[in-house]
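The values are calculated or read from the model by the stated rules, or taken from the named source; none is laboratory data. What you see is a predicted model, and the numbers here were worked out from it, not measured in a lab. Cβ: placed from backbone, ideal geometry, glycine included. Neighbour counts: every protein chain shown.
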Amino acid sequence: MRSLREAAEFWTVTINEWYNINTTVDEVVNAFEKEYRHREAYDGTSYVKMFFLDKDGGFTRWLDTADREGLADVVERYRGNAPLPTYADNGGALLNKASR
């Protein structure tokens with residue numbers, strides 16, 4: 001069973017590869033704890049259970065696009081920065097986040 005910190009090590013690498021924000025594992029864990037830990041999913045169940053946990057109850061190392069972008073935005077917000085721009089913000093058609 002993978003702990004939050006072990007999973008966050010994978011998430012941090014992925015976030016940095018996609019968005020080039022040089023985040024740390026501690027920043028990602030902090031962002032997760034403050035913004036996702038108590039969030040509910042659309043049907044009222046635990047968002048964490050629905051999107052972050054494996055069948056064995058451990059944390060998954062794989063994030064979907066929305067959660068990867070969300071964690072990156074939270075890290076940036078806690079750093080005092082604006083959220084990451086989307087491709088649409090840069091004149092494109094996609095809403096996904098662009099790297100810095």
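Key figures
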| read-out | value |
| --- | --- |
| Subset tally (residues that are among the basic types (Lys, Arg), at pLDDT below 75 and part of a loop (DSSP other than H, G, I, E, B)) for the range 78-100 | 1 |
| Pairs where the first residue, in the range 11-31, is of a type in the set (Val, Ile, Thr) and the second is part of a loop (DSSP other than H, G, I, E, B) and surrounded by 16 or more Cβ atoms within 10 Å (Cβ to Cβ), C-beta under 7 Å, 6+ apart | 12/23; 14/63; 15/21; 15/23 |
| Looking only at the range 45-70, and only at residues there that are out of contact with any helix residue (DSSP H, G or I) (no Cβ under 8 Å at 6 or more places or on another chain) and polar (S, T, N, Q), the one that is farthest from residue 15 (Cα to Cα) | 45 |
| Residue within the range 45-52 that is surrounded by 18 or more Cβ atoms within 10 Å (Cβ to Cβ), in a loop (DSSP other than H, G, I, E, B) and modelled with pLDDT under 95 present | no |
| Residue identified as at pLDDT 95 or above, more than 21 Å from residue 82 (Cβ to Cβ), of a type in the set (A, V, I, L, M) and assigned to a helix (DSSP H, G or I) among 13, 28 | 13 |
| Failed criterion for residue 22 (all others in (1) assigned to a helix (DSSP H, G or I); (2) at pLDDT 95 or above; (3) surrounded by fewer than 18 Cβ atoms within 10 Å (Cβ to Cβ) hold) | (1) |
